[in-house]
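> Here you go, one structure.
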Amino acid sequence: MSKEEGRQETRGYYGVCAIGGMLSAGTSHVAVTPLDVHPIKYKSIASCFTTLLREEGPSAFWRGWTGKFVGYGFQGGCRFGLYEYFKSLYSNVLGDCNRSFVFFASSASAEVFANVALCPFEAIKVQVQAQPQFAKGLADGVPKLYASEGIFGFYRGLVPLLGRNLPFSMVMFSTFEHSVDFLYHNVIRRRREDCSRVQQLGVTCLAGYAAGSVGSFVSNPADNIVASLYNKKADSLMLVVKKIGLVNLFTRSLPIRIMLVGPVITLQWLFYDTIKVLSGLPTSGEISTEVVDKEA
């Protein structure tokens, strides 16, 4: 294979990863839109659903879905596609360095770009969900937010968004990588190449659920801060922490986040790896050493 063919193949791989990440993140977040409503206003999932249904009707559960699909689609494309790129880059530079450090550095680098892409859409989504009179969706929400707050309004929550998503992404990708390695070595005890596609995608789902669940605990405080800033409950980070309280910062909306994040991340990894498999690529996850077939 020539160098040019190698570069084209590499670009093709990253392109599939970016498209897979875009489609998987966009569709999975839209699928759970009914659960992603007003985490601060309501104290429980049951009260949230019953109150919204009584006050605003069934359409309230799908409010802001266009912003979620486009915004999280861009985020997913950057998150997954750039993660693969940075992992390859840092692996070549650092060689046999601790793999967890490579996973952390790669996911953090990718997440910066992912959040810059997501932030304007997240601002519109939160406004539409929290203030139904503000706008109906993305099309009319963008000009209204720009007219009222300018370009700053789209990036008001960028710093706390990074504070939430950077540690989440770092923990999520690292947990996924190590979970895949653990499952092939200690549960299946077979090489990935010797497993069926169904078995490989099963490993993806288990590792994805573990990754999402662990990541949700890490990012919950910053998620509450992001929601408060977007909903204008307070004007600064210190005021948000003071108003919510340190304990509530860690516990508020945590059950909803656990309910949301685990299945969402599982769906993302399943869709993502399904697209990779259909494109003739292996499923995700790094296996540290050769797995010995238990039947050998």
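The values are calculated or read from the model by the stated rules, or taken from the named source; none is laboratory data. As the structure is a prediction and not an experimental result, all values here were calculated from the model. FYI the Cβ positions are ideal-geometry reconstructions off the backbone, even for glycines, and counts take in every protein chain you see.
> Take the residues in region 166-183 that are under 10 Å from Ile265 (Cβ atoms) and within 11 Å of the chain's Cα centre (by Cα), then tell me which one is surrounded by the fewest Cβ atoms within 10 Å (Cβ to Cβ).
That would be Phe168.
> Let me spell it out: the conditions are (1) within 30 Å of Val241 (Cα to Cα); (2) of a type in the set (Gly, Ala, Ser); (3) modelled with pLDDT of 85 or more, and Gly163 meets all of them except one. Which number is the exception?
Status for Gly163: all satisfied but (3).
> Failed condition for Val116, given (1) buried (at least 19 other Cβ atoms within 10 Å of the Cβ); (2) under 16 Å from the mean Cα position of the chain (by Cα), with all others met?
It fails just one condition, (1).
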